[in-house]
Amino acid sequence: MNTTYADTVTRSRSRACLPTEETRAEETDAGEARAERDLAAALTRGDPDALADAYRRWAPLVHTLATRSLGDAKEAEDITQQVFLGVWRGRAGYRPERGPINAWVVGITRRKIVDALAARSRRTALVTAATAAAGTRVLRPADHPEAVLDRLLVLRALETLPHAQRRLLSLAFFDDLTQVQIAERTGLPLGTVKSHVRRGLHRLRGALEPEHGAPPATRGTHE
């Protein structure tokens, strides 16, 4: 079949009109950028669907960054939740001229990770100080983390009490004794034990409540 000059020109023009791989990539990027701008606008308007969309898009990235930094998948899950709570609460503060919304989300993630690492450092320092203060008392690694933290907070607060109150409350919190058992062990009248425990608990709550809430209830503080 003979090919005419006109046929050749037509095919050349058709090939020229076909999008190249680079053109398709540019169009994809442009479409993604538009979608992110639309998402950002909806989010700043307070559209909860936009928050759900943001979570679907970037939660895996946030979780990966947190896991790599903290080395704990469970803690990374908590950070991920905190990040998107921060995204929602801080949505009015997002400024498109300062960068795309995905970069803003990553910035929040980094701040939350820094906060988590700082909190971890404070807990480590507290463990060290409390262990030193407790002398031979050993905190078992197998203890539930919240129980360990409660014990450390109480230990630190007990150090602020007078000797008699500290001694009796230590028997209550750490030996899990009732007031009757404390009186039997120490030889003190039950009324004296009750008076010391009552005053000690009042001071202990005052030391703990401003930052951490009241100390956990224990059987040892009752008859």
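The values are calculated or read from the model by the stated rules, or taken from the named source; none is laboratory data. Keep in mind it's a predicted model, so treat the numbers as computed, not measured. Backbone-built Cβ (ideal geometry, glycine too); neighbour counts: all protein chains shown. The protein model used for the area step is the full one, side chains on, heavy atoms only, and it has no ligands, DNA or RNA in it. Shrake-Rupley method; radii C 1.70, N 1.55, O 1.52, S 1.80 Å.
Residue pairs whose Cβ atoms lie under 7 Å apart, sitting 6 or more positions apart in sequence or on different chains, and linking a residue in region 43-56 that is crowded, with 17+ Cβ neighbours inside 10 Å to a partner that is charged (D, E, K, R), are Leu43/Arg91.
Annotation note: of Glu146, Glu184, the sole residue that is assigned to a helix (DSSP H, G or I), over 30 Å from Glu32 (Cα atoms), open to solvent by 80 Å² or more (accessible area, probe 1.4 Å) and modelled with pLDDT of 75 or more is Glu184.
How many residues are open to solvent by 30 Å² or more (accessible area, probe 1.4 Å) and either touching a Ser or Thr at 6+ places or on another chain (Cβ under 9 Å) or more than 14 Å from Leu61 (Cα to Cα) (or both) when one looks only at region 91-108? Residues that pass the stated criteria total 8.
Which one is nearest to Ala41 (Cα to Cα) among residues in region 87-117 that are assigned to a helix (DSSP H, G or I) and among the charged types (D, E, K, R)? Within region 87-117, the match that is nearest to Ala41 (Cα to Cα) is Arg91.
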